[in-house]
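Visitor: Pasting a structure here, questions to come.
The values are calculated or read from the model by the stated rules, or taken from the named source; none is laboratory data. Nothing here was measured: the structure is a model prediction, and the numbers come from that model. Neighbour counts run over all protein chains shown; Cβ positions are idealised from the backbone, glycine included. We work out accessible area using only protein heavy atoms, side chains counted, and drop any ligands, DNA or RNA first. Shrake-Rupley method; radii C 1.70, N 1.55, O 1.52, S 1.80 Å.
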Amino acid sequence: MCGRYAITLAPEAMAQMFDAAPANDLPPVPNFNVCPTVQVATVRSADGLRSLAPMRWGFVPHWYKTLSDGPLLINARAETLAEKPAFRAAARARRCLIPASGYYEWTKDADGKRLPWYIHPTDETALVFAAIWQDWEVDGAQLRTCAIVTTQAQGAMAEIHHRMPVILRPEDWPLWLGETGHGAARLMQPAPEGSLRWHRVASEVNSNRASGPQLIRPL
């Protein structure tokens, strides 16, 4: 799964990277502890134009009467994305990208203590997660929401956690965004071996209220 991440890219850098028009209400950066239910920067494409805009991290199916009407859907499994009633329409027509600098995962020691790890690209470029989005509306109030697509981890990454976010390369972005036809399902694969590295970080990040660059520093 992916339940927490960091983003240090400035809005201008993200807009340039994706060749996208930025919204005026993007969430502040840097943020070393992006948590579910907050607004996150996303990229989507419509009519050949890309936009960089905020969405709530936590996909809300259209049949929810309230935000807490069901489970908090921060991740969507690649293996069942096209089948799950909550996700299948979005998998076909509402795919987006979520930029990140790295993300957190947890293991447990012999005593059951949660040990956080920071996972980031080996080449120090940005991560770009595959995601889906959904507009949710009730009583005239509208909210644009999203979930990160995850897949089975392989190789050394599986020693940290059995799931990982689907990470897309720049050449994959047009297909995932629906700009170059069909076949996006083939992109939902684990990251190549050696493309990510990780290190242990302090347990301070176990709190969703923690903040600051020290969260990603190696122990």
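Visitor: I need the full set of residues from the range 116-129 which are farther than 14 Å from residue 5 by Cα and at pLDDT 95 or above, in order please.
Guide: Matches in the range 116-129: 122 only.
Visitor: Sticking with this structure for a sec: Take the residues in the range 174-215 that are among the β-branched types (Val, Ile, Thr) and open to solvent by less than 40 Å² (accessible area, probe 1.4 Å); name whichever of them is nearest to residue 119 (Cα to Cα).
Guide: Step one: list which residues in the range 174-215 are among the β-branched types (Val, Ile, Thr), which gives 180, 201, 205.
Narrowing further to those that are open to solvent by less than 40 Å² (accessible area, probe 1.4 Å): 201, 205.
Values: 201: 10, 205: 13 Å.
Restricting to residues being among the β-branched types (Val, Ile, Thr) and open to solvent by less than 40 Å² (accessible area, probe 1.4 Å), the top hit is 201.
Visitor: Quick one: which of 65, 84 is in contact (Cβ under 8 Å) with a residue 24 or more places away in the chain, assigned to a loop (DSSP other than H, G, I, E, B) and among the charged types (D, E, K, R)?
Guide: Details: 84 fails: in contact (Cβ under 8 Å) with a residue 24 or more places away in the chain.
Just a single option satisfies the conditions, and that option is 65.
Visitor: Just to be sure, is residue 43 buried (at least 17 other Cβ atoms within 10 Å of the Cβ) and in a loop (DSSP other than H, G, I, E, B)?
Guide: Details: buried (at least 17 other Cβ atoms within 10 Å of the Cβ): yes; in a loop (DSSP other than H, G, I, E, B): no.
No.
Visitor: I've got another one for you. Return only the number of the condition from (1) more than 21 Å from residue 167 (Cβ to Cβ); (2) open to solvent by less than 60 Å² (accessible area, probe 1.4 Å); (3) not in a loop (DSSP other than H, G, I, E, B) that residue 12 does not satisfy.
Guide: (2)
Visitor: Further, regarding this structure: Using the structure shown, decide if residue 171 is farther than 25 Å from residue 72 by Cα and either polar (S, T, N, Q) or open to solvent by 40 Å² or more (accessible area, probe 1.4 Å) (or both). Reasoning before the result, please.
Guide: Numbers: farther than 25 Å from residue 72 by Cα: yes; either polar (S, T, N, Q) or open to solvent by 40 Å² or more (accessible area, probe 1.4 Å) (or both): yes.
It is true that residue 171 is farther than 25 Å from residue 72 by Cα and either polar (S, T, N, Q) or open to solvent by 40 Å² or more (accessible area, probe 1.4 Å) (or both).
Visitor: Turning to a different aspect of this structure: Out of all the residues in the range 15-31, which are outside any loop (DSSP other than H, G, I, E, B), hydrophobic (A, V, I, L, M, F, W, C) and open to solvent by 30 Å² or more (accessible area, probe 1.4 Å)?
Guide: The first filter runs over the range 15-31 and keeps only residues outside any loop (DSSP other than H, G, I, E, B), leaving 15-18, 21-22, 31.
Going one step further and asking which of them are hydrophobic (A, V, I, L, M, F, W, C), we end up with 15, 17-18, 21.
Once the filter is applied, which keeps residues that are outside any loop (DSSP other than H, G, I, E, B), hydrophobic (A, V, I, L, M, F, W, C) and open to solvent by 30 Å² or more (accessible area, probe 1.4 Å), the range 15-31 yields 17, 21.
Visitor: Tell me the residue from 4, 94, 56 that is open to solvent by less than 80 Å² (accessible area, probe 1.4 Å) and under 25 Å from residue 157 (Cβ atoms), please.
Guide: Values: 94 fails: under 25 Å from residue 157 (Cβ atoms); 56 fails: under 25 Å from residue 157 (Cβ atoms).
Result: 4 is the single residue among 4, 94, 56 that is open to solvent by less than 80 Å² (accessible area, probe 1.4 Å) and under 25 Å from residue 157 (Cβ atoms).
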